[in-house]
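Participant: The structure that follows is given in the form of structure tokens.
The values are calculated or read from the model by the stated rules, or taken from the named source; none is laboratory data. Treat the numbers as computed from the prediction; the structure is a model and nothing was measured. Note: ideal-geometry Cβ built from the backbone for every residue, glycine included; neighbour counts use all protein chains shown.
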Amino acid sequence: MSEPVQTPQTFPTRIFSGIQPSGGLTLGNYLGALKRFVQKQDEGIETIYCIVDMHAITVWQDPAKLRQQTRELAAGFIAAGIDPARSILFNQSQVSAHVELGWIFNTVARMGWMSRMTQFKDKAGKNSENVSLGLFAYPALMAADILAYKATHVPVGEDQKQHLELTRDIAAKFNNDYGVNFFPITEPVIEGAGTRVMSLRDGTKKMSKSDPSDQSRINLTDDTDTIAKKFRKAKTDAEPLPEDLEGLKDRPDARNLVNIYAALADI
């Protein structure tokens, strides 16, 4: 008897993405993630959004503070326009499939793949021997977050693109190892201005809630006057605006402000 012919599985379009509840949402979180999440929801695509509290514990967390920050992030999602009637919104630790599939993907991913992740090198620095195994292996858990729902597209910033490439490698290896078409090869969605919002004090560094200077970022809880003052004091340069984007190539501070304006104005 001949072997049955396996029909390739097609996957419905499905968006998945998540944010860590590490406290203090910034304009970077809004433009790089939340605003895009709402846009995808409004396009009528199936959207699943996750508060990735299991990722947060790759570094030590105070349990009570983490619970509070998880609630604050959920409020941030909803305030930005995520509608729980149209999108699924949940926190990661409530669904055990994430860590279960994450363990399976730990057996699929290769050490060489993980050791090339630049974000681990950046976060661990010279202290890589003393950071948690979770911080090293968390891209496998991120792959599980995505592939547990067979998500076909993930809105990501430039800094997460490498992790999504790893997700694609894991899906392809799993499918190949077992001769199946079980997981989709997920596509990144990186589009528009403001995908990587930089510090108002240094246009070469990402806007971050961990920066010691509050003047470096716009917090989503800042009032109108505070936001205006921060932009007035933001670092730029004395040159006039060029006629095209190419003229901002070597002007990181000016380029950052133009990108922020473009993203907020949808131009």
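Residue-by-condition table, conditions (1) in the same structural domain as residue 260 (by TED's automatic domain parsing); (2) closer than 16 Å to residue 189 by Cα; (3) crowded, with 21+ Cβ neighbours inside 10 Å; (4) touching a residue at least 60 places away in the same chain (Cβ under 8 Å):
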position: 24; (1), (2), (3), (4): no, no, no, yes
position: 36; (1), (2), (3), (4): no, yes, yes, yes
position: 51; (1), (2), (3), (4): no, no, yes, no
position: 61; (1), (2), (3), (4): no, no, no, no
position: 66; (1), (2), (3), (4): no, no, no, no
position: 71; (1), (2), (3), (4): no, no, no, no
position: 77; (1), (2), (3), (4): no, no, yes, no
position: 83; (1), (2), (3), (4): no, no, no, no
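Participant: Only one of these conditions is not met by residue 83: (1) among the charged types (D, E, K, R); (2) at pLDDT 95 or above; (3) in a helix (DSSP H, G or I). Which number is it?
Facilitator: Every condition holds for residue 83 apart from (3).
Participant: With respect to residue 232, is the statement that it is part of a helix (DSSP H, G or I), of a type outside the set (Ser, Thr, Tyr) and free of Cβ contacts under 8 Å to residues at least 12 places away in the same chain true?
Facilitator: On the way: part of a helix (DSSP H, G or I): yes; of a type outside the set (Ser, Thr, Tyr): yes; free of Cβ contacts under 8 Å to residues at least 12 places away in the same chain: yes.
It is true that residue 232 is part of a helix (DSSP H, G or I), of a type outside the set (Ser, Thr, Tyr) and free of Cβ contacts under 8 Å to residues at least 12 places away in the same chain.
Participant: If you don't mind, there's one more thing I want to ask. Residues 216, 199: which one is under 30 Å from residue 15 (Cβ atoms), modelled with pLDDT of 90 or more, of a type in the set (Gly, Ala, Ser) and surrounded by 17 or more Cβ atoms within 10 Å (Cβ to Cβ)?
Facilitator: Numbers: 216 fails: under 30 Å from residue 15 (Cβ atoms).
So the residue among 216, 199 that is under 30 Å from residue 15 (Cβ atoms), modelled with pLDDT of 90 or more, of a type in the set (Gly, Ala, Ser) and surrounded by 17 or more Cβ atoms within 10 Å (Cβ to Cβ) is 199.
Participant: Do you know which residues across the stretch 149-189 are touching a Leu at 6+ places or on another chain (Cβ under 8 Å), of a type in the set (Ser, Thr, Tyr) and outside any helix (DSSP H, G or I)?
Facilitator: Answer for the stretch 149-189, where residues must be touching a Leu at 6+ places or on another chain (Cβ under 8 Å), of a type in the set (Ser, Thr, Tyr) and outside any helix (DSSP H, G or I): just 186.
Participant: Taking the stretch 54-75 as the region of interest, how many residues are among the hydroxyl-bearing types (Ser, Thr, Tyr) and farther than 17 Å from residue 26 by Cα?
Facilitator: 1
Participant: Residue check, residue 21 against (1) in contact with an Asp or Glu (Cβ under 6 Å, 6 or more places away or on another chain); (2) at pLDDT 95 or above; (3) not hydrophobic (A, V, I, L, M, F, W, C), all met but one. Which one?
Facilitator: Every listed condition holds for residue 21 apart from (2).
Matching residues to (1) in contact with a helix residue (DSSP H, G or I) (Cβ under 6 Å, 6 or more places away or on another chain); (2) in the same structural domain as residue 21 (by TED's automatic domain parsing); (3) within 19 Å of residue 36 (Cα to Cα):
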| residue | (1), (2), (3) |
| --- | --- |
| 209 | no, no, no |
| 229 | no, no, no |
| 236 | yes, no, no |
| 256 | no, no, yes |
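Participant: Would you tally the residues in the stretch 95-147 being surrounded by 12 or more Cβ atoms within 10 Å (Cβ to Cβ), free of Cβ contacts under 8 Å to residues at least 60 places away in the same chain and either touching a His at 6+ places or on another chain (Cβ under 9 Å) or of a type in the set (S, T, N, Q) (or both)?
Facilitator: 7
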